[in-house]
Structure formats: structure tokens, C-alpha cells
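The values are calculated or read from the model by the stated rules, or taken from the named source; none is laboratory data. The structure displayed is predicted, hence computed values, not measured ones. Cβ coordinates were reconstructed from backbone atoms using ideal geometry, including for glycine residues, and neighbour counts include every protein chain displayed. Keep in mind that these areas ignore ligands, DNA and RNA; they rest on the heavy atoms of the full protein, side chains included. Shrake-Rupley method; radii C 1.70, N 1.55, O 1.52, S 1.80 Å.
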Amino acid sequence: MSWCDLTKGRRGRFSAPVLLAAVAASAPAFAGAPPGATACTGCHGPAALDTAIPSLDAHAAADIVDQMQAFRTGQRDATVMGRIAKGFSDEETRAIAEWLAQPEAARHAEP
Amino acid sequence: MPSRRAVLGVAAASVAAAAFPLPQLRAQARPRVVVIGGGFAGASCARALKQMDRDLAVTLVEPEAAYVACPFSNTVLAGLRGIEAQTFGYDGLGDVGLIRKRAVAVDAERGRVRLNDGTNIDYARLVLAPGIELNFDALPGYDAAAAEIMPHAWKAGPQTLLLRDQLAAIQDGGTVILSAPANPFRCPPGPYERASLIAHYLKTSKPRSKLIILDAKDAFSKQRLFEAAWQELYPGLIEWVPLSAGGQVTEVDAATRTFVTEFGSHKADVASVIPPQRAGAIAQVAGVADQTGWCPIDPVTFESQLRPGIHVIGDAAIGGAMPKSAFSANAQAKACAAAVAALLREREPTQPKLINTCYSLVAPDYGISIAGVYQPRDGLLAEVEGAGGTSPLDAAKEVRELEAAYAEDWFRTITSEVFG
């Protein structure tokens, strides 16, 4: 079996399922980002950029969940975050927060 | 019935493969994803693909050495910043392979892209991010030559500088006219931000001048916010002519800078024509654009509904309620990259959830925004109900200032994410 077989999108042609399982087990974290999570970095950059939009670097998951809830209820003033937080359920918010709370490098594929 | 020895042999080989999967795989050809177009969508997707799966070979096909960004380019027209602040090279793309050629044809059956020098690249999956092309067929009198007199400046670069220089050259008391097309088009609030920042320039430099917007629509993005701000900041300076009042431009005459509408004609000292648009040329050639000129996609994977194995993202794609914005392009690119990485590993792609945030400047210290959250529903990207919307109409001055600051910092953040 070659990589080319994997790439044609033809299901059920594989002769070595064990090999495929091993590949799947090494799947990187970024590809497993929960729905909505990868959009956040369109506004929230690394702390080094030092912008008026706060970085999400080094925030604990529980803090991110709390802030999203405060945005959603209007408890915390916001420009756009109130409008965005309303689009995510508690469960989705928690999954995004846990993903964002990982070190930046861990969200990317292993080198 | 295989012999016992043969079965054992297969099992042993499988165990060996399981223990050392990556070196074996790396020794063989890696699946290649080709991305065409180095704007917000394409460059984002190429980078995200490498971040998601280092075993993919990712090739970005882009003929230009640098990208000139459209978001914020209206500030260049108003003399508020230089074009260099809008210009980004591709050195930050890391181990994405960059090919500085133009893609001219796609053979979807064989999975192959042909470049303008005659070479071919094979792909396992293709991502098209060609942005827009101006649909010169859709507006009589308007073509590439006319655009040198009545600039569209809807692709940033020389056109932006041409329009800026024309504005700098007009007399106080002159008339600036810009026309806006019917939906859909790149950057729905863009024409109105353009009008606002040109008005800011006129008010501060040539206060007896006037600006007219001829619009092929009766409503536009962030309309109430723009209109309230125009009343406050530029009273009497901007006149908006909607479709129902004869705003639709049916023909232009570049020689006299004249806009013809069903209700009459308007002659301008400076004329900016934002013409109807469609997906970039390669999308038409690849057969992923439908009769509207745009590319219908699957809302989960961004795979073309017309050609399997080809994904379309950014301004060229249509698939529901998401507007054609740089933020949408970047968010779609990352969702598409995740789907492509999953499909190449024979895994089920995750249902995405997408966000759009879009800021407009009405003045250098006056920003407004719109946001939305989207998810796949009935084959389209539909708005999540209860979320999204625009800045409040009654916001304090400090909020407008904050949104202007956020607008600028958003641009810094997203361009750093996209171009490195």
C-alpha cells in the first residue's frame, strides 16, 4: 500500500488496516479542534502581538468558560463577544476553552 | 485458504508497520494538497494544512510575489495610511511549497493542475481560493481600460493608488461618485466604508465637495449604523441613491466619467465603479462555478458540489449566509483544512462552526462592526439564531473609538496569522 492509495478517497481499498489504525492514533491535536475553536485566532493573536484585543494565551479553560458565559448573559460588557458567545452552547464553549487552554504548540501537528 | 506461514507473515508485517508507522510512510510519496490563490483564504489554508498534518505535502500556487490586502485599503484612499501597510509577502509560510506561477487549467479526473509555463502538478485534493474577478460582461461600457479612468479599486494595489491620486487631485467643490453592485459581492459593507472614508477626506481637505453613492440595492450591510454616522459626521456631504430611486447603474462612459441609470445620468469628477463580480477565473475553468458565477460548496468540507476532490473557500464560494469577508475566508480556510486532513486520513470530517467578524471605519476614530455564527443546515451554512448582529445604534463615543482600535488590531492579528 502506498500513500497514494490513501489520497484517492476511495474507501475500502486498504489491505493493511493495522497500519491505518496506527496512522490515525498519531493524529495531531489541531485536526481535532472542536467546532468553532479555530475561528477564535482570527481576532485573538499571540500575546507577543500586544493588541487591544486580548490574547488568549495562558488562560485556564475554566476562566475562558466563565468569560464566555459573562459575555453571553451581558454580565460583562463587550463589543462583538456578546454577539458571538450567544452562538455557542455550554458544551461547545467548554470544548473550545479546553482546546484553547492548551499551549499553542500543542494545538499544532507534531513536527 | 492461505497457508499458516503466509498468515504469520502478514501478521508480522502488520506489527512491524504498527510499531514504526511514520518512517515507513515518509519513505513513500506523501499526499499532496495543492492550494490555488495566496489571499486570506488560500494562504490561511496552506498554513493550516501544515499545522494540522505535517505529513502532507502542501503546495501554494500564486503568481504574485506579495499580496495587497483589501481590508483597510479604504484608509489608503483617504490618505490615512500607505499601501505598504497593506502588503504582505509569503516568506512566513514556512514549509509550504510556493510556486510562483498562474494555474491555468484543472483536470479533475486525473487530479492535476496545469500552470502557465506548461508544467503539471498532481494533487490528492485541490483547494481553490481564487477570490473574485470583475465581471466586465455585466456592465456595458466598463472594462479593463475603463477601470484605468473609473477605478474599481476592489482588488487592492495599483487600482487603490490610482483612485487615491484622483481624489488628491480634485478641486474643492468637486463631485465624487461611486457605484455599488447588487448582491452577492466581495465585502458587503465595503462600498459604504469607502464612502465614509472618502467623505472624511473631503470634509477635512475639500469641504465643499459632494459624494454620491449609486446603489443597485435598497438595503446594505450595517445600513442604520452607517446612515446614523453619516448624519452625525458628514451632514449633507453623502447622498445615497438606492435602487428604488434610480441607483442602479446600467452603463458607464469612461471618456466623460458618466454613470447612466434608468432615471438619468450622473457625471463625476472622480468616479469609482464597483462592478458586479464572480469567482476568480480558475474556478470558471475548473468547472466549479455555476451559472451565477460563484461556487456552490458542501458546508462541512467546502468540497465543490460540482467537482469532487476540489474544495472552494473564501470569496469565490457560495454556501448560504456567510458574507464574503477576510474573516470568513480565514475561518473557512481552517475548517476546510481540517476537513481535507481528515478526508486524506479516511476519517469523518467534523461538523464545523464558523464565525465572521467584520469592522468598518466610518472615520479614523469611529468604528462599527457586524458578527455572525454559522453552522451547516440543510446543505448550506446557516446563521445560528440568536447570535450575531451589529454594534448598537446608540453606542457611546468611547465604544466607537474602541471599535476603531479593534478594527486596526484585528487587521494586524489576522494578517500575522495568515502571512506569518
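Pairwise inverse Cα distances across the protein assembly as shown, averaged and inverted, put the Kirkwood hydrodynamic radius at 24.4 Å. Averaged over peptide A:39-50, the number of partner chain Cβ atoms lying within 10 Å of each residue's Cβ comes to 6.
By the rule of a C-alpha distance below 22 Å, with chain neighbours fewer than 8 residues away ignored, the lysines paired with B:K397 are B:K203, B:K222.
Residues B:V300, B:V34, ordered by accessible area of protein heavy atoms at a 1.4 angstrom probe radius and largest first, appear as B:V300, B:V34. For chain B, relative contact order (Cα pairs under 8 Å, six or more residues apart, normalised by length) works out to 17 percent. May I ask for the longest run of chain B untouched by trypsin sites (Lys or Arg not before Pro) that are loop-located per DSSP and have at most 12 neighbouring C-beta atoms (other than their own) within 10 Å? For trypsin sites (Lys or Arg not before Pro) (loop position, at most 12 other Cβ atoms within 10 Å), the longest site-free span of chain B is B:209-420.
Among the chymotrypsin sites (Phe, Trp or Tyr not before Pro) within segment B:196-275, not one is in coil by DSSP while having at most 10 neighbouring Cβ atoms inside 10 Å.
Amide H contacts of B:K217: B:L243, each under 5 Å away and 5 or more positions distant or on a separate chain (H built 1.01 Å from N in the peptide plane; Pro and chain starts excluded). Residues in segment B:115-126 carry Karplus couplings, in order, of 9, 5, 9, x, 6, 10, 10, 7, 9, 7, 9, 10 Hz; the curve used is 6.51 cos²θ - 1.76 cosθ + 1.60 with θ = phi - 60°, and Gly or Pro positions show x.
Relative intensity of segment B:259-353 on a log10 scale, I(q)/I(0) at q = 0.14, 0.20 Å⁻¹, equals -0.59, -0.94, per a Debye sum over C-alpha point scatterers of equal strength in the absence of solvent. Computed over segment B:238-314, the quotient of the alpha carbon radius of gyration and 2.2 N^0.38 Å is 1.58.
Here B:I121 sits with roughly 20 square angstrom of accessible surface, probe radius 1.4 Å.
For chain B, modelled as a GNM whose springs connect Cα atoms under 10 angstrom apart, the maximal fluctuation among B:A103, B:A245, B:A363 occurs at B:A245. Over chain B, DSSP H runs of length four or greater, each weighted -39,500 (n - 2.57), average out per residue to a 222 nm ellipticity of -9500 deg cm²/dmol. How big, in percent, is the set of alpha carbon pairs in segment B:54-138 lying more than 18 Å apart? Every Cα pair in segment B:54-138 considered, those over 18 Å come to 58 percent. Loop sites by DSSP among the GluC sites (Glu not before Pro) of chain B, restricted to those with at most 15 other Cβ atoms within 10 angstrom, leave B:110-261 as the longest stretch without any of them.
Once the cut-off is 20 Å, how many percent of the Cα-Cα pairs in segment B:20-171 end up in the long-distance tail? Summing the P(r) of segment B:20-171 above 20 Å gives 60 percent of all pairs.
Computing Rg and the Kirkwood Rh from the Cα coordinates of chain B gives a ratio, Rg/Rh, of 1.05. From the alpha carbon centroid of segment B:127-193 to that of segment B:51-93 is 20 Å. Over segment B:136-285, the reciprocal of the mean inverse Cα-Cα separation, the Kirkwood hydrodynamic radius, stands at 15.5 Å.
The order of B:F88, A:F88 by accessible area, most exposed first and with a 1.4 Å probe, is B:F88, A:F88. The mean sequence distance of close C-alpha pairs (under 8 Å, at least 6 residues apart), as a share of the length of segment B:264-409, puts its relative contact order at 17 percent. Shielding value for B:51-60 is 4, the average number of Cβ atoms from other chains within 10 Å of each residue's Cβ.
Among the listed pairs B:K50/B:K353; B:K206/B:K324; B:K155/B:K334; B:K155/B:K267, those with a Cα-Cα distance over 27 Å are B:K206/B:K324.
Ordered from highest to lowest accessible area with the whole protein assembly present and a 1.4 Å probe, A:D90, B:D409, B:D215 read as A:D90, B:D409, B:D215.
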